[in-house]
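Report on the structure given below.
Just so it is clear, none of the values below were taken in a lab; they were calculated from the coordinates. Keep in mind the model is a prediction, meaning the values are calculated, not measured. Cβ sites come from the backbone with ideal geometry, for glycine too, and all protein chains shown count toward neighbours.
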Amino acid sequence: MAAHHLAQLNIARLRAPLDDPALADFVAQLPEINALAERTPGYIWRLQDDSGDATALRPFGPDVIVNLTVWESVEALRTFTYRTDHLASLRRRRDWFLPMETPHLVLWWHPAGTLPDVAEAAARLEALRHNGPAPEAFTLRVPFPAPAPSALP
Amino acid sequence: MSLEALGALREPLRRAVYEFVVARAEPVGRNEVADGVGIGRTLAAFHLDKLAEAGLLDTSYAKRSGGPGAGRPAKLYHRSDAEHAVSLPPRDYRLLATVLAAAVERAGAEPALYAAAREQGAELAGGDLMPRLTELGYEPYEDAGHTIRLRNCPFHALAQSHPGLVCGLNLALLEGLGADARLDPGPAGCCVALTSKNKSD
């Protein structure tokens, strides 16, 4: 097994509450999109609560939803994001989400076999915001390779 | 480099070889090119290698099954991913497009972008769809399921860096053109597919 997996956080500021008709299409598609992610090769994990998604978790503010996932590789995440029906949702994101002044997506390499938490994800996003893309916190547009496996056992 | 690369296409026979290769979905060997263009194999190989040297074609090796040379890896050629553009005097519209794309994302102006693309598509509309798509650089072909697929994305570089934005723009442009278009992203090629109006069944 690879020593590191790719962790991914993205956040989105809702135009309206999730039960508002303006968000109905997004809410309706969510189970499909989550299922699509789960069957995309290279998918490992996503943050969810008892409802099966993470939309009730609001650590970034009352109107900011969170998506925290783990993948085998940047390529796997890229394929899901841009080369599946997820692309259709991405095209419509402005119907549902407000633009954000600071980065809303961050990637980093996480030790395989453990799971990232929201606090760490928030710190990574903050690092990206302050330093720009770097090995500790980067983007799909400017990716960095996984750390080389340690020579020690 | 780009001027030299495009200069390599000035020779009509070499250009015919290039056009034969790029029209194929799969990499091709020199024998197929020789037969397709109607020249000898040595001459075909000569032009293929010149095109590869100029960066217009990329090469790979694969074992051929059956026929002469079976089992021996054959050198295959396909269109290079590199883009060649020449502008005199120098202009850099890709850099401009990248900046504009970043601004659209920052402002959340995607709906305005799609609307503008749809209007531009309508201005470009006219004549039969397939020749129009060809003129616009999409390299369309109809697959076995009567779906028109686009072998080339005219906005490839920007679609790589800003996929959500550019695929959305492309969809709107093609809708504006009068096509029955939808997003249908696969592992490769353009993310937009069109429904053919020539359904035979």
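Think of it as helices only: each DSSP H run of n ≥ 4 in chain B is worth -39500 (n - 2.57), and spread over all residues that comes to -14000 deg cm²/dmol at 222 nm.
Sites listed here are GluC sites (Glu not before Pro) in region A:42-112 whose DSSP assignment is loop and whose Cβ has at most 12 other Cβ atoms within 10 Å: A:Glu101.
The slack in the chain from B:Ala115 to B:Ser2, taken as 0.36 nm per residue of separation less the alpha-carbon distance, amounts to 37.3 nm.
Cβ-Cβ distance of A:Arg58 and B:Asp180, R₀ of 35 Å, FRET efficiency by 1/(1 + (r/R0)^6): the value works out to about 0.30.
For the options B:Gly168, B:Gly121, B:Gly189, a Gaussian network treatment of chain B with springs between C-alpha atoms closer than 10 Å singles out B:Gly189 as fluctuating the most.
Residue-wise HN-Hα couplings along region B:126-143, as the Karplus relation 6.51 cos²θ - 1.76 cosθ + 1.60 with θ = phi - 60° gives them from phi, are x, x, 6, 5, 4, x, 5, 4, 5, 4, 7, x, 7, 6, x, 8, 9, 8 Hz; Gly and Pro carry x.
If you run the Gaussian network model on chain B, springs between alpha carbon atoms under 10 Å, then out of B:Ala45, B:Ala101, B:Ala144 the most flexible one is B:Ala144. Taking A:Val106, A:Val118, A:Val70 in turn, the Gaussian network model of chain A (Cα-Cα springs below 10 Å) assigns the largest fluctuation to A:Val118. Modelled spin labels at B:Leu43 and A:Thr139, positioned 7 Å past Cα toward Cβ, are 5.2 nm from each other. The distance between label points at B:His78 and B:Thr134 comes to 2.3 nm (points 7 Å beyond Cα on the Cα→Cβ vector).
How high is the relative contact order of region B:44-137, in percent, counting Cα pairs under 8 Å that sit 6 or more residues apart? This gives 15 percent for region B:44-137.
For region B:2-79, relative contact order (Cα pairs under 8 Å, six or more residues apart, normalised by length) works out to 31 percent. Using R₀ = 30 Å, calculate the FRET efficiency as 1/(1 + (r/R₀)^6) where r is the Cβ-Cβ separation of B:Ala122 and B:Tyr93; round to 0.05. Plugging the Cβ-Cβ distance into 1/(1 + (r/R0)^6) gives 0.85.
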